[in-house]
Amino acid sequence: MTSRKLLASLFVSILFVSTAAAQGKLAEEADDAFKKGFYFNAIELYKKAYTVEKKASTKAELIFKVGEAYKALGDAQQAAVWYEKANKAQYTDPITYLYIGDMLKQEGKYADAIAAYNRFKEKKPGDVRADASIAECQQAQAWKDSPTRYSVDPEVLLNTQQYDFTPAFADKKNEMVVFTSTRPGSTGTETDQIIGESFSDLFTSSRDRLGKWSEPTKLPISINTDGNEGAPIFNSKRTMMYFTRCPMEKKKVYGCDIWVSKKVGNNYAEPVKLALRPDKNDTITIGHPALDKDETMLVFASDMKWPGHKGGKDLYMVKLNKDGMPTGAPVNLGEVNTPKDEMFPFIRHDGSLYFSSTGRPGMGGMDIFHAEKSGETWTAIENLKSPINSSSDDFGIVFEDEEERGFFTSNRPGGKGQDDIWRFYLPDLVFGLQGTAYDKATGQPLPGTKISVVGTNGSNFSAITDDNGGFTFIENGKDRYIKENTTYSILAEKEGYLVVKDQVTTVNLQESTTFVKEYFLQPAAKGGVVNLPSVIYEVDKFDLLDASKDSLELAYQTLVDNPTLVVELRSHTDARPTRRYKGGNMELSQLRAQSCVNYLIQRGIDPARLVPVGRGAEEPVITMDVIKKMATKEEQEAAHQRNRRTDFKVLGYDYVPKAN
C-alpha cells in the first residue's frame, strides 16, 4: 500500500484539481467520487466515461483525471503513464510534464525526472517549480549515493501482501507491537472505496527471545469497527492506547478522530473519543496521535482550519490533563508545517519531533523529518536522508525508547506487499588501530617495539611488535580496543631508539575506521649522533634567527618525548676560516652550540641535560677536496651549507626528571 493510499484510507484528503466540468453522468459520478476521496472508484468511473465520450478535449481531460486519481493513491508508475497519455491526447495544460517529473522522482528515476522537469521549463519558462524540483532530484541522488549509517530491512513476519503500517510498542519490554493492517480477517466485510481493499484494523504481535514475531491477531471489537482504525501510540506505562478511527458508511464521507482506550493486561476497554472536533463538522480529519515523554501533550495531524493553518494537513499540539484527556485549544506547530501535508508525528524521549511531510525538499514521495525541541515549539528541521528515506513514501517512524532502533513504514521496493513495516537500527561504529614500526636509519621493520595506548575514556593497553614490526589493536575479546568519541595517545618505544609519540581520535567520526600507522624510530644508542634540521646563522654570527628557532623545535620535542635523555648539542661550521673570532671556527661553533642550548633552556629544558660542544670544521659531511671539484658555485655553496649543521650526540638515558 502506498502512503497516499494509506492517507486516503485513514485520513481522506481532497486533492482534486478543478478543471472544466466533465460531461455526462459517468464523469459527474467520477468527479464526485474523487472529491469524496474515493479514488479507487473514481479511476474506474473516469475510464468508463472515457469510453463513451466523443469530444477529443474532454477525453484528454478524463485521461488527465485518471492520472490525478492514481497520484492521489500514490501509484506513481500508473500516474506517470496516464499523464503521458494525456499529453498524447493533446491535453492543453503543460502541468502534466511537471507531474510526470514528480512521479518519476517517486520511482527514484532522478535523471528521467530532471528531463521531464526540463520539458516543463520549455513549456513554461520562468516557473520556479521546475528548478526547485531539479535541485531536489540532484540532492536526493547525492543522499542515495552517500547514505547515513542506519541499516534498514523489512520486518518480514509482520508484513503481508496487503497494507501493514505504523507499529507502536505495546508493552514496557518493547516485545509487543500493535500496528495497522488490511490483511484478511478485517472486522468489516465491505470494501474501502478509497483503496479498493478491506478497511484497516489494529493487530498485535509479540516477539520471542530470538526476535521471532508471533502470528498477528486482531484487537477486540471494542477497538476495531467496520471502518478504519490505525496509527496507534501508547503511554509510557503502556496502559493507554491512542489511535485514529474513521467511520464508514457507503457513499458518505466522514472525518477521522482520535480515540483512547485503557488497557489492562491484554484487554482493552471501550474507547473514548477525544473532544477535538468543532461541533457540526463531520468531515474534518483528526488523527495520528503522538505523546510527549511526560504525557502532558498530544501532537496530532489535522486539516482543520485552526489559527495558523498553513494548508493541507498540519501538525497541532494540545495539552493533556492528568487523565490523558485534552484541555484547552489546539495550537498549530508553526514552522514545522508547510502548505502541503505534515503527518505521522512521533515525539522521542529527548523531546525531539519526528514527522512525515510532502511539503519539504525530499527524495521523492513522503519523507521523514526530524526537528529539535525549542521551548514550546520545534526548529532545526532536517531530512533523515537515505536509507531511512527513499524515493517512495516513508512515514510513521517509532523509536524503541532511547535506543537507536525502531520501525517505520515504507512502500519502497523490497517489501512484501503494499506499505510494509521496516525495522531500522544504527550499527555501532567499529574502529581499530594497526601499524608497523621501522628503524628510521635502515628502513627495516623493527621487532620488539612496545606500542602503548592511553585513551581519554580511561583505557590503557599495549603490545610488542612482531617479527615483521607489526602491531594490531582490533578485537579485545567480545569488546573492541578503540571506542567511539575517544582520543588515544600512542607511544612507540624501544631501547636504543628515540620514542615516537602520536595521537588518533574517534571524536565526531561518523564512519567505521581502522587507523593504519607507520612509526619510524630514530636509532639513538649511547654515543650515537642524531642530525637536526638546518640551524641557520648569518655569516660569522652565532645569534639564532627565527628560522633557526623553528628548526630547534625538533630537538626540544625529542627531549620532551624522551624525558631521561642527556645530549651533547654540537655545532659545526664549514671549512672556510672566520676572521671575527680569535679562536676561529672552533670558537664560533662553540658560541653557536651555546646559543642552541640557551634557547632550549628558555623553553624549559633542564640545563643538566644539555652539553654544548663546538666542533668547528673537524667533522665535515663533504670534504673540501670534493667541494673544490664541484662544477658550479651554487653546488659548492650548497655543500658548505650541509657542513654548517647542528646535531646532538646521545650521552645517556640517566637523567631523573624532577617531580612537578
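Any read-out appearing in this document is the output of simple, stated calculations on the displayed coordinates, not a laboratory observation. In this text the structure is predicted, and so the values were computed from the model without any measurement. Counting neighbours? That spans all protein chains shown, and the Cβs are built from the backbone with ideal geometry, glycine included.
Along each principal axis, taking the top coordinate minus the bottom one, the Cα set of the range 480-531 gives 47, 17, 14 Å in descending order. Sorting SER146, SER222, SER181 from the fewest to the most surrounding beta carbons within 10 angstrom yields SER146, SER222, SER181. Size descriptors for the range 434-543, from the alpha-carbon set: Rg then Dmax equal 17.7, 65 Å.
Its DSSP H runs of at least 4 residues, each contributing -39,500 (n - 2.57), put the calculated 222 nm mean residue ellipticity of the chain at -7500 deg cm²/dmol, to the nearest 500. Put simply, the Cα atoms of the chain extend 120, 62, 47 Å along their principal axes, the longest span coming first. Calculation over all alpha carbon pairs of the range 151-425 in 10 angstrom steps from 0 returns a P(r) of 7, 31, 40, 21, 2, 0 percent. Ranked by the mean number of other Cβ atoms within 10 Å per residue, highest first, peptides 595-607, 342-354 order as 342-354, 595-607. Have a look at THR58, THR244, ASN383 and report the one farthest towards the positive end of the charge dipole of the chain, computed about the Cα centre with Cβ charges (Lys/Arg +1, Asp/Glu -1). Of THR58, THR244, ASN383, it is THR58. Counting lysine pairs in the range 431-521 that sit 8 or more residues apart in sequence, or on different chains, and whose Cα atoms lie under 15 Å apart gives 7. Toward the positive end of the charge dipole of the chain, with +1 on the Cβ of Lys and Arg and -1 on the Cβ of Asp and Glu, the farthest Cα among LEU45, GLY312, HIS640 is that of HIS640.
Annotation for the range 607-660 versus the range 214-233: alpha-carbon center distance of 87 Å. Remark on the range 529-652: ratio of C-alpha radius of gyration to 2.2 N^0.38 Å is 1.07. Among the listed pairs LYS36/LYS322; LYS85/LYS123; LYS105/LYS340; LYS54/LYS109; LYS48/LYS121, which are separated by more than 28 Å between their Cα atoms? LYS36/LYS322; LYS54/LYS109; LYS48/LYS121, as the Cα separations exceed 28 Å there. The 3J(HN,Hα) values that the Karplus relation (6.51, -1.76, 1.60; θ = phi - 60°) gives for the range 268-277 are, in residue order, 10, 6, 4, x, 10, 7, 6, 7, 10, 7 Hz. Gly and Pro appear as x. Isolated cysteines of the chain, defined as having no other cysteine beta carbon under 4.7 Å away, are CYS137, CYS596. Once the C-beta distance of ASP282 and THR51 is scaled by a Förster radius of 45 Å, the resulting FRET efficiency is 0.80 to the nearest 0.05. What you get for the chain, charging only the Cβ of Lys and Arg (+1) and of Asp and Glu (-1), is a dipole of about 640 debye around the Cα centre.
A Förster distance of 60 Å, applied to the separation of the beta-carbon atoms of THR160 and ILE464, puts the FRET efficiency at 0.55. For the range 125-132, putting each phi into the Karplus relation 6.51 cos²θ - 1.76 cosθ + 1.60 with θ = phi - 60° gives couplings of x, x, 6, 5, 5, 5, 4, 5 Hz, in residue order, rounded to whole numbers and with x for Gly and Pro. Among ASP647, ASP153, sorting on how many other beta-carbon atoms sit within 10 Å of each Cβ, with the fewest leading, yields ASP153, ASP647. Highest-first packing order for the peptide set 622-629, 131-138 is 131-138, 622-629, based on the mean count of other beta carbon atoms within 10 Å. Looking at the range 529-652 alone, DSSP beta bridges between its own residues are antiparallel in about 60 percent of cases. Exposure proxy ranking for MET241, MET297, MET248, based on other Cβ atoms within 10 angstrom of each Cβ and starting from the fewest, stands as MET248, MET297, MET241.
Applying 0.36 nm per residue to the separation of THR239 and ASN508 and subtracting their alpha-carbon distance, the gain on full extension is 92.9 nm. Between ALA608 and ASP561, residue separation times 0.36 nm minus the direct Cα-Cα distance comes to 15.3 nm.
Put simply, when 325-331, 75-81 are sorted by average Cβ atoms within 10 angstrom per residue, most first, you get 75-81, 325-331.
Positive end of the dipole of the range 151-425 (Cβ unit charges, origin at the Cα centre): among ALA269, PHE399, SER302, the Cα lying farthest that way belongs to ALA269. Candidate cross-link partners of LYS549 among the lysines, defined by an alpha-carbon separation under 21 Å and a same-chain spacing of 8 or more, comprise LYS541, LYS649.
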